[in-house]
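Trainee: Before I ask anything, let me first share the structure, which is written out below as structure tokens.
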Amino acid sequence: MPRHTSPFLFALLASAATLLSVGDALVVDGLQVGFYGKTCPAAEGVISDIVNNEIAMDRGISPGLIRLFFHDCFITGCDASILLDESPAGDVPEKESSANGFTLVGLRTIDIAKSTVEGMCPGKVSCADILAFAARDAAVAAGLPRYEVAAGRRDGMRSNMDDLPGNFPVPGHHVPRLTELFSQRGLSQEDLVLLSGAHSIGGAHCFMFSNRIYNFSQDADVDPTLDPEYAKWLRQMCPPRQPGDDPEQAPKVKFDAQTGERLDVAYYSELLARRGLLTSDNALIEDPQTRAMVENFARNEPLWQQKFSQAMQKVGMLDVLIGEGKGQVRKQCRLVNGQEKEEKQQQPQEEQEEQQPPELEEEEQQQPHQPQLPWFLQRQRPPVLLPWLRPHPRPRRPFRKHPVADLVNGFFRGFH
């Protein structure tokens, strides 16, 4: 067993001797703890430092990275497809779905991590692995004991918003549908309850649960399964939606009102107290099988912590791309290799000259090459001018309307 490999991860890896088909998903025995030990040994430590620094400035990064990881892996596998701004095939990328869109948090953190690691070890560390490491580090920063992450994933070369509708959990789903979706991805009903515990941190915009506090049914304005005092407080936090309201400006409410910045079992206690925020949260105590799991985890935090780590590792092994000839290691997480050249070619000549003055080129030629260190190992953080943070050289084409995908984010009621 590798020196720092936890026993339950070793058992998980050993259980799959070859390529194992589970449901419609593939769990692949080909990932390795310490995968970058020779090619980029400092990668995991550097990524962890960057994630911790970002979270220190914004606690919302922690739940954002965990959610980003789950949203990536659940659709086409852990291939970093959710990070792509554009698809070579011209498809509307996953991140533009209303299940993602402006609600995605942590993209900038991944950009910084990739840029830093790429400067240290060009072409070695995939965006898919960076996202898996970052999600683990975000969970640890929120209070979870550290667990190992096996690596060796390669990055996908496609991303399509049309992959989400009908294949992704939404806030209005109930346990039968949630269980079905998880089963299709090789995940159990227990995994569903475990991973829902990530809602111990983070929150949801009011429009994701407004159907529970306004016009719930013909007989009740408020969902009767909600604690009355909690429902009253939610209505104070979330005024009724108006026709011209901008969803991006909608207030946000924490999932866990007790310890909203710590990954713990308070989430399950809140569910049992009828203070689950989303329909999909509350559904876990309405179903007798999942309720028993909720009650068990609510009183046994060490058990939940261990099983949550295992579930995250299980998610990280779904439909991964491994080995030469499968996917690629992107230079930029937002673009498939080769697209960055197209972007540069389309930049105005004046802009290219402004970015690299002739005198600067001469100075660079005279100076010997030195290895690039991460910014936090230098006295001063160098200015980062990432290509995707500059004004785009050409207007992006408007994405087409997608009425089916617009339902995914729970804007409408009636999902069962």
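Trainee: May I ask you to give the percent of accessible area on segment 103-151 that is carbon plus sulfur, with a probe radius of 1.4 Å?
Mentor: The C+S portion of the solvent-accessible surface of segment 103-151 is 55 percent.
Trainee: Please give, to one decimal in nm, the separation of the simple spin-label points placed at Glu180 and Asn296, each 7 Å out from Cα toward the Cβ.
Mentor: Between Glu180 and Asn296, the label points sit 2.5 nm apart.
Trainee: Each label point is 7 Å from the Cα along the Cα-to-Cβ direction; what then is the distance between the points at Ala257 and Asn53, in nm?
Mentor: Spacing of the two 7 Å Cα→Cβ label points: 3.8 nm.
Trainee: I've got another one for you. Give the calculated FRET efficiency between Gln32 and Ser188 to the nearest 0.05, with a Förster radius of 30 Å applied to their Cβ-Cβ distance. Display every interim value, and only then the final one.
Mentor: Working: r = 25 Å, r/R0 = 0.82.
For R0 = 30 Å, the calculated efficiency reads 0.75.
Trainee: Please state the Cα pair-distance histogram of segment 178-280 with 10 angstrom bins from zero: what percent is in each bin?
Mentor: The distribution over segment 178-280 is 14, 40, 34, 11, 0, given as percents.
Trainee: Also: Quick one: if you stick a label point 7 Å off each Cα along the C-beta vector at Met237 and Asn337, how many nm between them?
Mentor: So the two model labels end up 4.5 nm from each other.
Trainee: Considering only C-alpha atoms, what is the centroid distance from segment 255-296 to segment 41-115, in Å?
Mentor: Result: 26 Å between the Cα centres.
Trainee: Let me ask you something else. Rounded to the nearest 0.05, what FRET efficiency is calculated for Leu272 and Asp246 with R0 set to 51 Å and r the Cβ-Cβ distance?
Mentor: That pair, Leu272 with Asp246, gives E of 0.90.
Trainee: Explain nothing, just the number: dipole magnitude of segment 182-292 about its Cα centre with +1 on each Lys and Arg Cβ and -1 on each Asp and Glu Cβ, in debye rounded to the nearest 20.
Mentor: On the way: 11 positive and 17 negative charges, 24 e Å.
Charge dipole, segment 182-292, about its Cα centre: 120 debye, nearest 20.
Trainee: Calculate, for segment 35-143, the solvent-accessible area per residue in square angstrom, rolling a 1.4 angstrom probe over the heavy atoms of the protein chains.
Mentor: Ligands and nucleic acids excluded, the result is 28 Å² per residue.
The values are calculated or read from the model by the stated rules, or taken from the named source; none is laboratory data. As the structure is a computational prediction, the values presented were derived from the model and not from experiment. FYI the Cβ positions are ideal-geometry reconstructions off the backbone, even for glycines, and counts take in every protein chain you see. Protein only, heavy atoms only, side chains kept; ligands, DNA and RNA dropped before computing areas. Shrake-Rupley method; radii C 1.70, N 1.55, O 1.52, S 1.80 Å.
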